[in-house]
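Enquirer: Dropping the structure in here first, questions after.
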Amino acid sequence: MTSTPAIPRHIAIVMDGNGRWAKARHRPRSFGHNAGRKAVREVVEGCLREGVEALTLFAFSSENWQRPEEEVGALMTLFLRALDKETDELHAQGVRLRFVGDLAAFDAPLRERMQAAMARTGGNVKLHLNVAVNYGGRWDIAQAARQAAAAVARGELQAEAIDEATLAARMCLADLPPLDLFIRTGGECRLSNFLLWQAAYAELHFTDTLWPDFDQACLHRAIEDYGRRDRRYGRTGEQLAATRTQG
Ligand code: IPE
Ligand code: IPE
Ligand code: MG
């Protein structure tokens, strides 16, 4: 059975390994986070080049607040700087920027800048770039359930009618193509509470490369790896082969 070459429509990345990258250079962890910006530019370029429609990056998890105050502060400063510096370039490239997660936790100046960048790039269609900040997959499922419950309370939805589609429609990124490829850099093989619902049938790609070293060639290798997978969605290999011959 030959695999059809395929470009994932939607890629998500857990950008992990900044701290270890910095440690190896005897520098503070924030040095690694700063270095990670180049890798973000690389994957955005790579996705534009390969024709990927949506890229979702895990920048700050709901659990990352537990890090030392100094590191959290450095990350917030980095987000602000990156927003100010990169939005023009992203806009010029036709990238639509969106922040996903519980944004209420961020202070007003940062939130306003996020909203402004989203509004400014809202009409772009080349690539949907979603940056997950204060995001957790369990939070996402809970907020979808809360929305459904509110619809029940308003009398717009029957509790008995709640099914997978009801929640799917209320999850973050529901308007984008389904998640095809989930990449994690930095060598750990876990999801760390990223896109739990959306990753149900994503292909997983783990690499030891630390995030600041991740470049377009690494992205290309991940996409090639994805192209070699057989996505059976519960069916048999024979059924899949039959569909391919028909198609
Ligand atoms: C990922 O790199 C970036 C964030 C979580 C913000 P880490 O900071 O987790 O780097 P390691 O895993 O400690 O090397
Ligand atoms: C996941 O990385 C979060 C981000 C990359 C933003 P972590 O480094 O926080 O995850 P754990 O602690 O290894 O699970
Ligand atoms: Mg880490």
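Enquirer: Tell me which residues come under 5 Å, amide H to amide H, from ALA6 once H is placed; ignore anything under 5 positions away on its chain.
Expert: When sequence neighbours closer than 5 places are left aside, the close amide H contacts are GLY227.
Enquirer: For region 182-187, just list the computed ³J(HN,Hα) in residue order, Karplus coefficients 6.51, -1.76 and 1.60, θ = phi - 60°, integers in Hz, with x standing in for Gly and Pro.
Expert: The phi angles translate into 10, 10, 10, 8, x, x Hz.
Enquirer: If you take every DSSP beta bridge whose two residues both sit in the chain, what share of them, in percent to the nearest 5, is antiparallel? List each step's numbers first, then the result.
Expert: Details: 0 of 26 bridges.
So the antiparallel bridges amount to about 0 percent of the total.
Enquirer: Follow-up question, since we're still on this one. Step through the residues of region 92-103 one at a time and calculate ³J(HN,Hα) from phi using the Karplus curve (6.51 cos²θ - 1.76 cosθ + 1.60, θ = phi - 60°), rounding each to whole Hz and writing x for Gly and Pro.
Expert: Coupling constants for region 92-103: 4, 7, x, 8, 9, 9, 9, 9, 10, x, 7, 6 Hz.
Enquirer: Next up: Send over a whole-number figure in Å² for the accessible area per residue of the chain, probe 1.4 Å. Working shown, then result.
Expert: Working: 12830 Å² over 247 residues.
Result: 52 Å² per residue.
Enquirer: Compute the Cα gyration tensor for region 116-198, then decide on rounded, prolate or oblate, letting a ≥ b ≥ c be the square roots of its eigenvalues: rounded whenever a/c is under 1.5, prolate when a/b is larger than b/c in the other cases, and oblate in all that remain. Walk me through the intermediate numbers first.
Expert: Working: a/c = 2.24, a/b = 1.39, b/c = 1.61.
Since a/c reaches 1.5 but b/c is at least a/b, the shape of region 116-198 is classed as oblate.
Enquirer: Continuing with this model, one more query. If Lys and Arg each add +1 and Asp and Glu each add -1, what is the summed charge of the other residues whose beta carbon sits under 12 Å from the beta carbon of ARG113? Kindly include the intermediate steps, with their values, before the conclusion.
Expert: Values: positive: ARG81, LYS85, ARG111, ARG120; negative: ASP84, GLU86, ASP107, GLU112.
Residues close to ARG113 contribute a combined charge of 0.
Enquirer: So what's the net charge close to HIS205: Lys and Arg +1, Asp and Glu -1, counting the other residues with Cβ under 14 Å from its Cβ? Could the numbers behind the result be given before it?
Expert: Values: positive: ARG184, ARG190, ARG221, ARG228, ARG229, ARG231; negative: ASP16, ASP180, GLU188, GLU203, ASP208, GLU224, ASP225.
Residues close to HIS205 contribute a combined charge of -1.
Enquirer: Next up: Among the GluC sites (Glu not before Pro) within region 102-183, which fall in a DSSP loop and have no more than 12 other Cβ atoms within 10 Å of their own Cβ?
Expert: Of the GluC sites (Glu not before Pro), the ones in loops of region 102-183 whose Cβ has at most 12 other Cβ atoms within 10 Å are GLU156.
Enquirer: Here is a follow-up. Run the helix sum for the chain: -39,500 (n - 2.57) per DSSP H stretch of 4+ residues, divided by residue count, reported at 222 nm to the nearest 500 deg cm²/dmol.
Expert: Numbers: 8 runs with 111 residues, N = 247.
The per-residue figure over the chain is -14500 deg cm²/dmol.
Enquirer: Let me know the longest stretch in the chain that avoids all chymotrypsin sites (Phe, Trp or Tyr not before Pro) found in a DSSP loop with at most 13 other C-beta atoms within 10 Å. Don't skip to the end; give the middle numbers.
Expert: On the way: sites that count: TYR201, TYR233.
The segment 1-200 is the longest one with no such site.
Enquirer: Right, another one. At q = 0.13, 0.15, 0.16 Å⁻¹, what log₁₀ I(q)/I(0) does region 10-246 have when each alpha carbon counts as one equal point scatterer in the Debye sum?
Expert: The Debye formula, applied to the Cα set alone, gives -0.85, -1.11, -1.24.
Enquirer: Can I ask one more? Run the accessible area of region 102-191 with a 1.4 Å probe and give the carbon-and-sulfur part as a rounded percent.
Expert: 53 percent
Enquirer: Ok, one more. Considering amide H positions built from the backbone, and no H for Pro or chain starts, which residues 5 or more places from LEU210, or on another chain, come under 5 Å of its amide H?
Expert: For LEU210, the qualifying residues are GLY186.
Enquirer: While we're here: Could you give me the ³J(HN,Hα) list for region 158-170, computed from phi with Karplus coefficients 6.51, -1.76, 1.60 and θ = phi - 60°, whole Hz, x at Gly and Pro?
Expert: 8, 4, 5, 8, 5, 9, 4, 5, 4, 6, 3, 5, 9
Enquirer: I need to check one value: relative contact order of the chain, counting alpha carbon pairs closer than 8 Å and at least 6 residues apart, in percent. Please list the in-between numbers first.
Expert: Working: 374 pairs, mean separation 75.6, N = 247.
Taking the mean separation of contacting Cα pairs over the length of the chain, I get 31 percent.
Enquirer: Ok, one more. Can you work out the FRET efficiency for the pair ASP88 and ALA119, with r the C-beta to C-beta distance and R0 = 25 Å, to the nearest 0.05?
Expert: Numbers: r = 14 Å, r/R0 = 0.57.
Between ASP88 and ALA119 the formula returns 0.95.
Enquirer: Pop a pseudo-label 7 angstrom from the Cα along the beta-carbon direction at both HIS26 and LEU204 and give the gap in nm to one decimal.
Expert: Placing both labels 7 Å along Cα→Cβ, they lie 3.8 nm apart.
Enquirer: Find out how many positive minus negative residues lie around ASP230, taking Lys and Arg as positive, Asp and Glu as negative, among other residues whose Cβ is under 12 Å from that of ASP230. Write down the numbers at each step before the final one.
Expert: Values: positive: ARG228, ARG229, ARG231, ARG232, ARG235, ARG244; negative: GLU203, GLU238.
Value of the local net charge: +4.
The values are calculated or read from the model by the stated rules, or taken from the named source; none is laboratory data. These figures come from a predicted structure and were not determined experimentally. So basically every Cβ, Gly included, is an ideal-geometry build from the backbone, and we count neighbours across all protein chains shown. Only protein heavy atoms, including side chains, enter the accessible area calculation; ligands, DNA and RNA are left aside. Shrake-Rupley method; radii C 1.70, N 1.55, O 1.52, S 1.80 Å.
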